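Q: Have a look at this one before I ask anything.
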Amino acid sequence: MKFFILAALFAVAAADSYRSAEYAPKYEAPAYKSTYEAKYETPQPYDFSWAVNDYYNDYGHSEKSDGNVVTGSYRVVLPDGRTQIVTYKADSYGYVADVKYTGEAKYPAYVANNYKATTYSAPAYKPSTPTYTKPTYSAPTYSAPAKMAPVYTATPVYKTPAVQSNY
């Protein structure tokens with residue numbers, strides 16, 4: 001028992017004198033930007049534009065940035081035949097858009113009664129009332145199963161195992 005008390009006393013004394021925080025390495029924050037920050041968070045100048053103009057579609061988009069201010073425009077043909085042109089500017093103060101429409105809206109002419117509902121006439125035949133006959137039931141007949149004696153093709157041979165003694 002004295003041994004355990006003495007061991008516990010040494011353990012407490014050793015734990016009290018151990019100063020791990022003094023010897024731990026200290027790291028400062030890096031003074032450089034990470035690859036992600038340098039690539040994606042730093043504003044980069046760019047310029048692009050694209051357009052589609054074929055039988056079914058007529059729309060496009062162009063945009064330019066100097067790294068701080070983004071300006072651009074896009075256009076699309078609306079279903080009513082007009083073309084919507086949006087010119088915009090986005091900077092640290094917000095997004096400002098100027099929307100213009102060119103052309104005149106064209107709608108299909110209204111024609112009254114251009115839809116005729118389908119009419120259905122009564123069937124030419126008169127359905128008759130169905131007649132049913134009452135079903136007849138008879139008691140089932142059971143026959144006893146045929147019992148058959150087993151058929152042996154050969155007489156079994158049994159061998160008596162020899163008793164082994166290990167004495």
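Q: Going by average Cβ neighbours within 10 Å, how do the peptides 57-64, 88-95 rank, with the highest at the top?
A: Per-residue Cβ counts within 10 Å, averaged per peptide and sorted highest first, yield 57-64, 88-95.
Q: Next up: Working with all protein chains in place, sort Thr71, Thr118 by solvent-accessible area computed with a 1.4 Å probe, largest first.
A: Thr118, Thr71
Q: Between Phe48 and Ala139, what is the spin-label point distance in nm, taking each point 7 Å from the Cα along the Cα→C-beta axis?
A: Calculated label separation equals 9.1 nm.
Q: Also, I was wondering about something else. Quick one: how many Å² of Ile5 are accessible to a 1.4 Å probe, rounded to 10?
A: We get 110 Å² for Ile5.
The values are calculated or read from the model by the stated rules, or taken from the named source; none is laboratory data. From a predicted model like this one, the values you see are computed outputs, not experimental measurements. We place every Cβ from the backbone using ideal geometry, glycine too, and count neighbours over all the protein chains shown. Ligands, DNA and RNA are excluded from the accessible area calculation, which covers all protein heavy atoms including side chains. Shrake-Rupley method; radii C 1.70, N 1.55, O 1.52, S 1.80 Å.
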